[in-house]
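What follows is a set of notes on a single structure, which appears directly below.
The values are calculated or read from the model by the stated rules, or taken from the named source; none is laboratory data. None of these values were measured; they are calculated from a predicted model. In this analysis, Cβ positions are derived from the backbone assuming ideal geometry, glycine residues included, and neighbour counts consider all displayed protein chains. Surface areas here come from the heavy atoms of the whole protein model, side chains and all, with no ligands, DNA or RNA. Shrake-Rupley method; radii C 1.70, N 1.55, O 1.52, S 1.80 Å.
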Amino acid sequence: MEYFNSDYFTYSENELLCEQVPLTKLAKEFGTPLFVYSKNFFVDRYNELSEAFKEINHKIFYASKANFNINVIKIFNDLGGGVDVNSAGELFRALKAGVDPQNILLTGVGKTDDEIRLGLEKNVHLIKAESEEEVLAIDKIAGEMGKIASVAIRINPDVDPKTHPYISTGLAENKFGIDSKLAYDLIIRSSKLENIELTGIDMHIGSQITTIEPFVEATIRMVELYKKIQAAGISLKHFDIGGGIGVLYKDEAPFTPKELADKLIPIFMQIDAEIIFEPGRFLTANGGVLLTEVLFTKKNSHGKNFTVVDAAMTELLRPSIYKAYHHIQPVLKKDRNDVIMDVVGPVCESGDYLAKNRTISKVSRKDILAVMSAGAYAMVMSSNYNGRRRPPEILVDKNKYYLIRSRETFEHLLYDEEIIDLAE
Ligand code: LLP
């Protein structure tokens with residue numbers, strides 16, 4: 001079988017470590033399923049991206065939807081980054097993490113009036129509007145509150161990001177942003193509204209993009225629009241290129257931030273704007289693993305092997321809904337033959353699997369497996385389906401580790417649910 005190694009998850013004497021902490025130790029202490037994150041992975045990716053674009057005026061707003069544990073948010077905030085939030089709930093988390101509202105962008109294709117009001121009340125850096133109706137709603141609500149709202153317009157640049165259809169967002173057929181052909185006129189109209197200050201234009205063309213061309217194509221279009229808007233006498237301050245930088249899960253060959261910078265900086269140089277980035281996956285995905293214990297193994301009469309583990313689609317939904325590949329490897333390397341198996345969870349759905357037809361060295365009951373690349377879009381997409389409790393999260397920093405969220409209790413499952421007296 002193949003092993004997925006990095007500077008942050010390495011084998012030492014056949015045992016997988018996160019930084020300097022053995023993963024078997026964490027599995028023993030906290031139980032499984034368990035998320036383990038490498039702090040220094042997060043820090044190094046942030047610095048790598050920021051360094052690549054250091055010659056231009058830029059700011060990284062971490063897309064907290066990728067991993068919204070408040071300690072993770074805080075790491076990026078402490079490095080000087082802002083935070084991109086997609087709902088009132090994520091805004092609440094960012095504020096809890098101690099983020100200054102002026103370092104928060106409020107995003108989202110469908111904000112409620114309450115969310116817009118909350119964003120204005122907290123004084124977020126800006127609200128991104130994705131339709132003319134939303135621009136008008138923000139103007140109205142800001143007027144009622146006696147405020148001037150900083151607003152950026154999200155434009156759909158209509159380029160193909162060449163990624164999974166469920167995570168591409170910048171095609172004309174996608175629900176996101178304002179049609180690029182209609183954007184200019186809308187911006188002119190919006191600039192006349194009384195309670196809005198238009199501060200910039202924004203795009204986000206998709207996620208897990210592994211080639212640079214879609215970014216270049218979309219950036220060229222957006223920079224042309226930016227210039228046209230400036231020429232009309234509307235002074236903008238920023239251009240937000242969104243997130244979407246792809247990472248290695250299996251055998252992709254993603255570009256580096258430096259390669260992206262070499263292509264994009266000359267285009268950015270044509271305008272006088274702060275460049276905003278909103279990466280989520282790039283900063284976190286390969287900084288996390290999901291540890292799971294083998295419950296049972298079985299083989300059917302067709303010779304198919306199933307490994308039933310204690311993690312499921314409730315902790316890592318990506319394989320079930322995107323057929324996403326997450327590498328799986330034993331935490332303790334043993335000298336065993338390879339076996340082709342499905343790794344499946346305990347949830348009563350055929351779609352509940354972590355890997356299909358995967359070659360992994362033979363496993364047995366109680367073995368601990370590491371599901372790799374689980375730092376992004378894993379815990380945040382977890383659920384209580386089948387009455388499952390969300391797992392704990394551990395943050396590792398060199399040889400130290402911290403419990404940053406504990407396993408949900410049975411009481412959490414009930415929250416405020418109570419037996420009520422039904423009228424006869
Ligand atoms: N900005 C906006 C407006 C977004 O919608 C997103 C992600 C990001 C930034 C961050 O994108 P990233 O850098 O992480 O690619 N659940 C899917 C991914 C959905 C991404 C949604 N938007 C998955 O598991 O692959």
Starting from the range 107-128, keep only residues that are modelled with pLDDT under 95, then list their pairs with residues that are within 14 Å of the ligand (Cβ to nearest atom) whose Cβ atoms are within a distance under 7 Å, requiring at least 6 positions of separation or different chains. 108/86; 108/87; 109/130; 109/175; 109/176
Looking at the structure I just gave you, is residue 394 touching a Cys at 6+ places or on another chain (Cβ under 9 Å), among the β-branched types (Val, Ile, Thr) and assigned to a strand (DSSP E or B)? yes
Looking at the structure I just gave you, is residue 86 buried (at least 18 other Cβ atoms within 10 Å of the Cβ) and modelled with pLDDT of 95 or more? yes
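Report yes if residue 369 is more than 22 Å from the chain's Cα centre (by Cα), farther than 22 Å from residue 70 by Cβ and surrounded by 14 or more Cβ atoms within 10 Å (Cβ to Cβ), otherwise no.
Working: more than 22 Å from the chain's Cα centre (by Cα): yes; farther than 22 Å from residue 70 by Cβ: yes; surrounded by 14 or more Cβ atoms within 10 Å (Cβ to Cβ): yes.
Yes.
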Residue 210 vs (1) out of contact with any strand residue (DSSP E or B) (no Cβ under 7 Å at 6 or more places or on another chain); (2) within 16 Å of the ligand (Cβ to nearest atom); (3) more than 25 Å from residue 56 (Cβ to Cβ): all pass except (3)
Kindly provide the set of residues from the range 20-68 that are more than 16 Å from the ligand (Cβ to nearest atom), outside any loop (DSSP other than H, G, I, E, B) and among the hydroxyl-bearing types (Ser, Thr, Tyr), ordered by number. 24, 38
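Looking at the range 140-158, can you tell me whether even one residue there is of a type in the set (Lys, Arg) and surrounded by 18 or more Cβ atoms within 10 Å (Cβ to Cβ)? Break it down stepwise before answering.
So the first thing to find is which residues in the range 140-158 are of a type in the set (Lys, Arg), and the list is 140, 147, 154.
Right, trim to surrounded by 18 or more Cβ atoms within 10 Å (Cβ to Cβ) and you get 154.
Yes, because at least one residue in the range 140-158 is of a type in the set (Lys, Arg) and surrounded by 18 or more Cβ atoms within 10 Å (Cβ to Cβ).
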Mind listing whichever residues of the range 89-131 are open to solvent by 30 Å² or more (accessible area, probe 1.4 Å), assigned to a helix (DSSP H, G or I) and more than 20 Å from residue 238 (Cα to Cα)? 89, 92, 93, 95, 96, 113, 114, 115, 117, 118, 121, 122
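In the range 251-353, which strands (runs of 3 or more DSSP E) lie fully inside it and hold 2 or more residues that are open to solvent by 60 Å² or more (accessible area, probe 1.4 Å)? Full working, then the answer.
Numbers: elements: 274-277, 288-299, 305-309, 328-330, 338-344.
Fully inside the range 251-353 and qualifying: 288-299, 338-344.
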Filtering the range 219-235 for residues that are hydrophobic (A, V, I, L, M, F, W, C) and either on the phi > 0 side of the Ramachandran plot or open to solvent by 20 Å² or more (accessible area, probe 1.4 Å) (or both) leaves a count of 5
Name every residue in the range 160-178 that is more than 21 Å from the chain's Cα centre (by Cα) and closer than 26 Å to residue 237 by Cα, in order of residue number. 172, 178
Where a residue in the range 239-261 is touching a residue at least 60 places away in the same chain (Cβ under 8 Å) and more than 9 Å from the ligand (Cβ to nearest atom) and its partner, wherever it lies, is outside any helix (DSSP H, G or I) and among the small types (Gly, Ala, Ser), with Cβ under 6 Å and at least six apart: 249/373
Would you mind telling me which numbered condition in (1) among the basic types (Lys, Arg); (2) more than 15 Å from residue 280 (Cα to Cα); (3) in a helix (DSSP H, G or I) residue 74 fails? (2)
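So how many residues does the range 203-218 have that are in a helix (DSSP H, G or I), in contact with a helix residue (DSSP H, G or I) (Cβ under 8 Å, 6 or more places away or on another chain) and surrounded by fewer than 23 Cβ atoms within 10 Å (Cβ to Cβ)? Reasoning before the result, please.
The first filter runs over the range 203-218 and keeps only residues in a helix (DSSP H, G or I), leaving 213-218.
Keeping just the survivors that are in contact with a helix residue (DSSP H, G or I) (Cβ under 8 Å, 6 or more places away or on another chain) gives 215-216.
Add one more test, that the residue is surrounded by fewer than 23 Cβ atoms within 10 Å (Cβ to Cβ), and what stays is 216.
Number satisfying all stated conditions: 1.
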